[in-house]
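The values are calculated or read from the model by the stated rules, or taken from the named source; none is laboratory data. Computed from a prediction, not measured in an experiment: that's the story for all the values here. Glycine also receives a Cβ, built like all others from the backbone with ideal geometry; neighbour counts cover every protein chain displayed. Keep in mind that these areas ignore ligands, DNA and RNA; they rest on the heavy atoms of the full protein, side chains included. Shrake-Rupley method; radii C 1.70, N 1.55, O 1.52, S 1.80 Å.
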Amino acid sequence: MSKPAAPLRGRAARLARLMPSTGPSTAARTPFVLLVVLLLGGGLITLLLLNSALNEGSFRLSELKRETTELTDEQQALQRDVDSRSQPDALERRARELGMVPGGSPAFLNPDGTVRGNPTEATAPPSPSPSPSPTPSTGAPADAGAPAAGPSGSVPPSGAVPATEPDPATASAAEITPPPTSPGR
């Protein structure tokens with residue numbers, strides 16, 4: 001028979017110690033490898049979930065930005081509409097459509113209850129009669145369609161109610177505007 005193997009010496013012994021043995025140490029590495037694989041797999045799944053959540057947030061953000069742009073455009077269009085309807089000529093035209101007339105001379109109440117100014121009633125200007133086109137006579141002035149001049153020689157604006165001459169005593173009081181007051185005082 002053969003002789004038992006002699007113990008290794010020198011360089012061969014050192015190499016033998018460096019080589020892994022095929023015994024029980026292989027079984028001890030299996031749980032460690034499984035742990036590393038599970039940690040790497042869990043990390044990848046977590047990254048996938050995080051990435052999809054960020055993408056979902058990005059889509060929601062772009063949708064909200066688009067909605068904000070649409071609402072801003074709508075708000076600006078509505079503001080332009082309000083501005084166009086708030087112009088004095090548009091307000092006057094709408095008031096005339098509703099049958100309103102320019103007011104007369106205002107009067108103000110002082111805090112002590114006295115009246116300042118000489119109030120006059122607002123009257124509607126005469127409505128134009130639906131007559132056929134007038135033919136100017138030979139003796140009519142060239143500007144027959146112009147309104148007649150008032151007592152002071154000035155022509156009142158179209159649709160304005162001519163104001164009566166204010167009383168000199170109350171004219172200076174009417175020029176002074178009352179101080180603004182708070183609603184609760």
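Quick one: which residue in 107, 77 is touching a Gly at 6+ places or on another chain (Cβ under 6 Å) and open to solvent by less than 90 Å² (accessible area, probe 1.4 Å)?
Going through 107, 77 in turn, just one is touching a Gly at 6+ places or on another chain (Cβ under 6 Å) and open to solvent by less than 90 Å² (accessible area, probe 1.4 Å): 107.
Hey, can you tell me all the residues within the stretch 80-92 that are of a type outside the set (A, V, I, L, M, F, W, C), under 30 Å from residue 123 (Cβ atoms), open to solvent by 80 Å² or more (accessible area, probe 1.4 Å) and assigned to a helix (DSSP H, G or I)?
Answer for the stretch 80-92, where residues must be of a type outside the set (A, V, I, L, M, F, W, C), under 30 Å from residue 123 (Cβ atoms), open to solvent by 80 Å² or more (accessible area, probe 1.4 Å) and assigned to a helix (DSSP H, G or I): 85, 88, 89, 92.
Is there any pair with a first residue in the stretch 97-109 that is part of a strand (DSSP E or B) and a second that is loosely packed, with under 13 Cβ neighbours inside 10 Å whose Cβ atoms are under 7 Å apart and which are 6 or more apart or on different chains, and what are they?
From residues that are part of a strand (DSSP E or B), the pairs are 108/178; 109/115.
Against the conditions (1) within 30 Å of residue 122 (Cα to Cα); (2) surrounded by 10 or more Cβ atoms within 10 Å (Cβ to Cβ), where does residue 64 fall short? Just the number, please.
(1)
All but one of (1) open to solvent by 90 Å² or more (accessible area, probe 1.4 Å); (2) at pLDDT 90 or above hold for residue 95; which doesn't?
For residue 95, the exception is condition (1).
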